[in-house]
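The values are calculated or read from the model by the stated rules, or taken from the named source; none is laboratory data. None of the values given here were measured: they were computed from a predicted structure. All Cβ positions, even for glycine, are placed from backbone atoms using ideal geometry, and neighbour counts span all protein chains on display.
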């Protein structure tokens, strides 16, 4: 067998083993009114289930009621809760507040860090309408 054959076979296998799907979308005023509409909730579930990590923008759910309903719907097809989420604090100016929500598959990734970017620079104070929210994920090994 040629010496390059094992390398070629390995190159076909490795991308499949390390594939991670990440998606993001603006959920347009995501809150209890939006999840009360079953057809919208079903579409969101279908989209998010395709991803290992999904960022939802424009979430307006400070009590977490809509997010709880979304997670229940996502986890309905699983024996244990696979989908979990981390939410930013409410961000923005006083008249309009939003959250960022990262929904993720806990059997594929784990949260290793999360924080809100400090928007307190002396040259350009309050540069962002909504400060960036950073979540660092680590990929899990099989069987972890």
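Quick notes on this one:
- Residues being part of a loop (DSSP other than H, G, I, E, B) and in contact with a strand residue (DSSP E or B) (Cβ under 8 Å, 6 or more places away or on another chain) - total across region 107-132: 6
- The set of residues in region 96-106 being touching a strand residue (DSSP E or B) at 6+ places or on another chain (Cβ under 7 Å) and either in a strand (DSSP E or B) or on the phi > 0 side of the Ramachandran plot (or both) consists of 97, 98, 99, 100, 101, 102, 103, 104, 105.
- Any hit, region 32-47, residues being assigned to a loop (DSSP other than H, G, I, E, B) and within 22 Å of residue 106 (Cα to Cα): no
- Qualifying residue in region 81-95 (condition: in a strand (DSSP E or B), modelled with pLDDT under 95 and surrounded by fewer than 11 Cβ atoms within 10 Å (Cβ to Cβ)): yes
- Residue match in region 66-74 (condition: part of a loop (DSSP other than H, G, I, E, B), at pLDDT 95 or above and either in contact with a strand residue (DSSP E or B) (Cβ under 6 Å, 6 or more places away or on another chain) or surrounded by fewer than 16 Cβ atoms within 10 Å (Cβ to Cβ) (or both)): no
- Within region 23-65, restricting attention to residues that are on the phi > 0 side of the Ramachandran plot and out of contact with any helix residue (DSSP H, G or I) (no Cβ under 9 Å at 6 or more places or on another chain), the residue that is surrounded by the most Cβ atoms within 10 Å (Cβ to Cβ) is 58.
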